[in-house]
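K.L.:
Sharing a structure with you now.
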Amino acid sequence: MSPLLLFLLVAGVGAVGWLAARARAATFAAAGPGKVRLHSVPTYHGWYVALWAVLPALIFLVAWQVAEPALVAGAALHSPAAAELPADAMNRAAVLQEARDIAAGHIQGGFNPLSTRLAPAFASAAQRYSIMGAVLALLLAFAGGAYAFVRIRPELRARTRVERLVMLLLLVASLIAILTTAGIVFSLLAESVRFFARVSPIEFLTGLQWSPQTAMRADQAGSSGAFGAIPLFWGTIFIGAIIAMIVAIPLGLMSAIYLTQYAHPTARKWLKPALEVLAGVPTVVYGYFAALTVAPMVRQWGEAMGIASSSESALAAGGVMGIMIIPFVSSMADDSLAAVPQSMRDGSLALGATTSETIAKVLVPAALPGIVGGILLAVSRAIGETMIVVMAAGLAANLTANPFASVTTVTAQIVQLLTGDQEFDSAKTLAAFALGLVLFVITLLLNIVALRVVKKYREAYE
Amino acid sequence: MTMMANDMSMSTAEASAEPKLRAAGVSVWYGPKKAIDDVSIEVDRENVTAFIGPSGCGKSTFLRTLNRMNDTIASARVEGLIELDGEDIYGKDMDVVQLRARVGMVFQKPNPFPKSIFENVAYGPRIHGLAAGRDELDEIVERSLKRAGLWEEVKDRLPESGTALSGGQQQRLCIARAIAVDPEVILMDEPCSALDPIATAKIEELIHELRGRYAIVIVTHNMQQAARISQRTAFFHLGELVEYGETSEIFTNPKVERTKDYITGRYG
Ligand SMILES: Nc1ncnc2c1ncn2[C@@H]1O[C@H](COP(=O)(O)OP(=O)(O)OP(=O)(O)O)[C@@H](O)[C@H]1O
Ligand SMILES: [Mg+2]
């Protein structure tokens, strides 16, 4: 039975339960007019029964989907044909996979004749367990519904119970997001540990040489790559935290100040969303803008000034990234400037201060924590940005402060390390996870600090 | 005395001097809504003038026209003539920044800047370049805090934040801040409405002491307060100036029925 059909059946049981329970609750109310008062309106009794019918069955179904393949395989292994299975794990798994695919009709015949003989066992086991799962799910739905239905009484606190179930449901929903994050962190950690078994963390965090090109064969020249990540960290900071911020902080702040303090309301109505569009432009578009338009221009300037320049440069990538994150800076600054009470502004103006004196001496200092928070968030966004740097910053791990030279960043290297055909257990590919971990930790810290700063400042006025 | 003066304001002894502020035919609109309708009034230089009237009658609005704080509200529009020492404050030659230094303002809710006590008071003198050096600035701050009756309480904690003071202290800090730029007029919009009776008494005492040095205009909802601290009282109703005269006269013997109703508490 297909999962979708089964789901619909369970939902149907729930719907029937809903109607029945509501009707039953309504009869209580009707039976003794003035005497019996329902604790909850009939609809809540409906939801109470429906949730009891649907939720356990659904939870069972999900668990069953996970467990079923193992159960099927276990049953198939007991079939007589399974005795002939090869002993070594790899061949064994290959044959079993083939048999499973034949049984499911994905492929016509197997490479290994044994798999064809095993297939019927798989097919029958699969059918058996599928029916078993469906029956159990439906039984569970009926049982849950019935359990709840017989407990319907006027004084049943259906409303409170439903409320609690809804809360539980919401909790589960938010847990899924959190668990996913935890899973990502865990996999990063696990792979990083494998990396650090090959390359010492000290070399990784303090080495100045980055050339991860380990050889495929041990006898190749230069087979030991160098994994000193400092040039990458420097490139990341140079582009994301220095060049991009030199562009984004003044422009973002000034546009926020203009929008909150000077712009006419109608101008603000149009300009603010226009500015926010910048955040919505796909980063790949910024990337080719940086690579095809800005980078050649930057190179020309560099050459005109007699500075060593390359066709990919920190300045091109950082500058375009700065434009991209203007909205992050400006919208946080905008919010925090707007949150400074009007009375501060009035107080300053009434003392004979001009608008710009008021902004510089009262509003910006008062809004500073929010502005700083916005900048930190923008930095964390910038150092995690990938597309622009991949396209415009280059891949040469240079440790240079020359903005016209090509530098590379953590994100660009991760892309470089993981694209193309890779062995997934060489130091080269594992390095990507270690880099990812470092990036994750830094961004996380920046976010935590930023949120703290912002929160503290919010409290100041509330 | 060359100008036409209304007979109520002529009845006092001080009326022989030129008024500090003179408004003639002032109307204020917020968008299409008229908040002040054709108000003419003269404010003495030596006296405390109280504005009273029911909520929403336009006291704050009118007060804010006197130092052009209404300019900061986009929808507000002012018509008529307002003169400070005979100079049209809405005229082309008037520098609004200069005007606000001459006509200071204290707001209903204390609004110290989130800076130190010292910096709060030093703010005005700094932007107007009133002090040549640090010593002079210290002197101005001390003098202003003394005049505002706050010096004794804060002299040992000048570097602390102004927002850490009590409400009454904050309000006196705001008064000190206004005094520090050495204004000619101080406008106060319900300066005691957020304060307890003791803090209120302190502010009233302070107003008493400041009288004569500055022309003071105060908006208040508290009729006893108006009677206690002011020499002249103006009663506003529905955007109009209903009656203006000697405080004692207004409270004991109002000429207009509406004033009498308000003062005796029949409405408002
Ligand atoms: N910024 C504004 N925009 C539009 N209308 C305003 C604005 N400020 C005040 N008004 C209106 O103008 C009228 C006068 O308001 P104003 O604040 O001057 O009254 P008030 O006498 O000071 O009252 P209160 O004693 O409550 O402070 C009111 O009807 C008010 O709604
Ligand atoms: Mg008011």
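The values are calculated or read from the model by the stated rules, or taken from the named source; none is laboratory data. Worth saying up front: this structure is predicted, and the values here are computed from it rather than measured. Cβ placement follows ideal geometry from the backbone for every residue including glycine, while neighbour counts extend to all protein chains displayed. Note: accessible area is taken over every heavy atom of the protein model, side chains too, but ligands, DNA and RNA are not part of it. Shrake-Rupley method; radii C 1.70, N 1.55, O 1.52, S 1.80 Å.
K.L.:
Kindly list, by first and then second residue, each pair from a residue in region B:28-55 that is over 29 Å from B:Leu210 (Cβ atoms) and within 14 Å of chain A (Cβ to nearest Cβ) to a residue that is more than 8 Å from ligand 1 (Cβ to nearest atom) and part of a strand (DSSP E or B), limited to pairs with Cβ atoms under 9 Å and residues at least 6 apart or on different chains.
P.N.:
These pairs meet every condition: B:Gly31/B:Arg77.
Residue-wise test of (1) surrounded by 12 or more Cβ atoms within 10 Å (Cβ to Cβ); (2) among the hydrophobic types (A, V, I, L, M, F, W, C); (3) not assigned by TED's automatic domain parsing to the domain that holds A:Ala412.
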{"position": "A:Arg161", "(1), (2), (3)": "yes, no, yes"}
{"position": "A:Met167", "(1), (2), (3)": "no, yes, yes"}
{"position": "A:Leu175", "(1), (2), (3)": "no, yes, yes"}
{"position": "A:Thr180", "(1), (2), (3)": "no, no, yes"}
{"position": "A:Val185", "(1), (2), (3)": "yes, yes, yes"}
{"position": "A:Glu191", "(1), (2), (3)": "yes, no, yes"}
{"position": "A:Val199", "(1), (2), (3)": "yes, yes, yes"}
{"position": "A:Leu205", "(1), (2), (3)": "yes, yes, yes"}
{"position": "A:Ser211", "(1), (2), (3)": "yes, no, yes"}
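K.L.:
May I pose another question? Just a yes or no: is a residue in region B:247-254 over 30 Å from B:Lys34 (Cα atoms), in a helix (DSSP H, G or I) and open to solvent by 40 Å² or more (accessible area, probe 1.4 Å)?
P.N.:
Yes: region B:247-254 contains one or more residues that are over 30 Å from B:Lys34 (Cα atoms), in a helix (DSSP H, G or I) and open to solvent by 40 Å² or more (accessible area, probe 1.4 Å).
K.L.:
Checking the conditions here, which among A:Thr283, A:Thr293 is of a type outside the set (Phe, Trp, Tyr), under 22 Å from A:Ile388 (Cβ atoms) and without any contact (Cβ under 8 Å) to a residue 40 or more places away in the chain?
P.N.:
A:Thr293
K.L.:
Here is a further query. Would you confirm whether or not region B:219-228 contains a residue that is small (Gly, Ala, Ser) and touching a strand residue (DSSP E or B) at 6+ places or on another chain (Cβ under 9 Å)?
P.N.:
yes
K.L.:
Which residues, counting only those in region A:327-345, are under 25 Å from A:Pro273 (Cα atoms), open to solvent by less than 40 Å² (accessible area, probe 1.4 Å) and within 14 Å of chain B (Cβ to nearest Cβ)?
P.N.:
Hits for region A:327-345 are A:Ser336, A:Leu337, A:Val340.
K.L.:
Would you pick out the residues in region B:56-82 that are open to solvent by 50 Å² or more (accessible area, probe 1.4 Å), over 12 Å from B:Ser27 (Cα atoms) and more than 9 Å from chain A (Cβ to nearest Cβ)?
P.N.:
Within region B:56-82, B:Gly56, B:Ile73, B:Ser75 qualify.
K.L.:
So which residues in region B:59-106 are assigned to a helix (DSSP H, G or I) and within 16 Å of ligand 2 (Cβ to nearest atom)?
P.N.:
B:Lys59, B:Ser60, B:Thr61, B:Phe62, B:Leu63, B:Arg64, B:Thr65, B:Met69, B:Asn70, B:Thr72, listed by residue number.
Every residue, every condition in (1) surrounded by 23 or more Cβ atoms within 10 Å (Cβ to Cβ); (2) away from every other protein chain (no Cβ under 14 Å), yes or no:
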residue	(1), (2)
A:Ala279	no, yes
A:Tyr288	no, yes
A:Gly322	yes, yes
A:Ile325	yes, yes
A:Gly347	yes, no
A:Ala350	yes, no
A:Ser356	no, no
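K.L.:
Scan region A:299-320 and tell me whether some residue there is within 18 Å of A:Gly384 (Cα to Cα), outside any helix (DSSP H, G or I), open to solvent by 60 Å² or more (accessible area, probe 1.4 Å) and not aliphatic (A, V, I, L, M).
P.N.:
Scanning region A:299-320 turns up no residue that is within 18 Å of A:Gly384 (Cα to Cα), outside any helix (DSSP H, G or I), open to solvent by 60 Å² or more (accessible area, probe 1.4 Å) and not aliphatic (A, V, I, L, M).
K.L.:
Counting only residues that are open to solvent by 40 Å² or more (accessible area, probe 1.4 Å), in contact (Cβ under 8 Å) with a residue 12 or more places away in the chain and more than 13 Å from chain B (Cβ to nearest Cβ), how many does region A:259-271 have? Lay out the reasoning, then the answer.
P.N.:
Going through region A:259-271, the residues open to solvent by 40 Å² or more (accessible area, probe 1.4 Å) turn out to be A:262, A:264-266, A:268-271.
Remaining after also requiring in contact (Cβ under 8 Å) with a residue 12 or more places away in the chain: A:262, A:271.
Those left that are additionally more than 13 Å from chain B (Cβ to nearest Cβ): A:271.
Adding up the residues that qualify gives 1.
K.L.:
Which one of these is buried (at least 23 other Cβ atoms within 10 Å of the Cβ) and either more than 14 Å from every other protein chain (Cβ to nearest Cβ) or within 26 Å of B:Arg126 (Cβ to Cβ) (or both): B:Met94, B:Met105? Talk me through it step by step, then tell me what you get.
P.N.:
Details: B:Met94 fails: buried (at least 23 other Cβ atoms within 10 Å of the Cβ).
The match here is B:Met105.
K.L.:
Test each condition in (1) closer than 30 Å to A:Ala15 by Cα; (2) out of contact with any helix residue (DSSP H, G or I) (no Cβ under 8 Å at 6 or more places or on another chain); (3) at pLDDT below 90 for A:Ala94 and report the one that comes out false.
P.N.:
Of everything listed in (1) closer than 30 Å to A:Ala15 by Cα; (2) out of contact with any helix residue (DSSP H, G or I) (no Cβ under 8 Å at 6 or more places or on another chain); (3) at pLDDT below 90, A:Ala94 misses just condition (1).
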